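Novice: Structure incoming, see below.
The values are calculated or read from the model by the stated rules, or taken from the named source; none is laboratory data. Computed from a predicted structure; not experimentally measured. Cβ placement follows ideal geometry from the backbone for every residue including glycine, while neighbour counts extend to all protein chains displayed.
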DNA sequence: ACCTTGACCTTGG
DNA sequence: CCCAAGGCCAAGG
């Protein structure tokens, strides 16, 4: 696991505003624009090992499902932030909550 | 070096 | 809407 990649992922996750979310795949996509792309699974691996220090609950699956094994804790945080949820309240309404960083217009 | 695993994604049934 | 199958890429045994 490359430290640089880990840092890129974590710093990006930190930028996700409260009440909004990003899918693993989207994170992989954005990070991949500047670094070697790993794919959604690698992002998941990073979050599993190093995600504790950042708002990990704002990263969900593409279908709005919460991280396996952490649904309860994640849901608590998301509700507290007023994140849009699906009718049954067990998943995130990705269509409304999806967030993307503004394009970096450097140089 | 080979095989299995994983906080994934998309498609088809 | 849920489930299974394939594709994906790196880490760990």
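Novice: With (1) part of a loop (DSSP other than H, G, I, E, B); (2) surrounded by fewer than 18 Cβ atoms within 10 Å (Cβ to Cβ) as the list, and residue A:83 as the residue in question, which single condition is left unmet?
Specialist: For residue A:83, the exception is condition (2).
Novice: Return yes when residue A:66 is surrounded by 14 or more Cβ atoms within 10 Å (Cβ to Cβ), touching a helix residue (DSSP H, G or I) at 6+ places or on another chain (Cβ under 8 Å) and touching a residue at least 24 places away in the same chain (Cβ under 8 Å) and no when it is not.
Specialist: Working: surrounded by 14 or more Cβ atoms within 10 Å (Cβ to Cβ): yes; touching a helix residue (DSSP H, G or I) at 6+ places or on another chain (Cβ under 8 Å): yes; touching a residue at least 24 places away in the same chain (Cβ under 8 Å): yes.
Here the answer is yes, as residue A:66 does meet what is asked.
Novice: Residues that are free of Cβ contacts under 8 Å to residues at least 60 places away in the same chain and within 9 Å of DNA strand B (Cβ to nearest atom), at least 1 per element: which helices (runs of 4 or more DSSP H) completely within the range A:1-57 meet that? Write out each step before concluding.
Specialist: Numbers: elements: A:3-14, A:24-32, A:40-50.
In the range A:1-57, the matching helices (runs of 4 or more DSSP H) lie at A:24-32, A:40-50.
Novice: Have a look at A:19, A:52, A:39 and point out the one that is at pLDDT 95 or above and surrounded by fewer than 19 Cβ atoms within 10 Å (Cβ to Cβ). First the steps, then the outcome.
Specialist: Details: A:52 fails: at pLDDT 95 or above; A:39 fails: at pLDDT 95 or above.
Matching residue, one of A:19, A:52, A:39: A:19.
Novice: If you scan the range A:21-57, which residues turn out to be within 12 Å of DNA strand C (Cβ to nearest atom) and in contact with a strand residue (DSSP E or B) (Cβ under 7 Å, 6 or more places away or on another chain)?
Specialist: Passing the criteria: only A:24.
Novice: Looking for something at pLDDT below 95, under 16 Å from residue A:7 (Cβ atoms) and more than 13 Å from DNA strand B (Cβ to nearest atom) - is there at least one such residue anywhere in the range A:71-87?
Specialist: Within the range A:71-87 (the criterion being at pLDDT below 95, under 16 Å from residue A:7 (Cβ atoms) and more than 13 Å from DNA strand B (Cβ to nearest atom)), the answer is no, since none of the residues qualifies.
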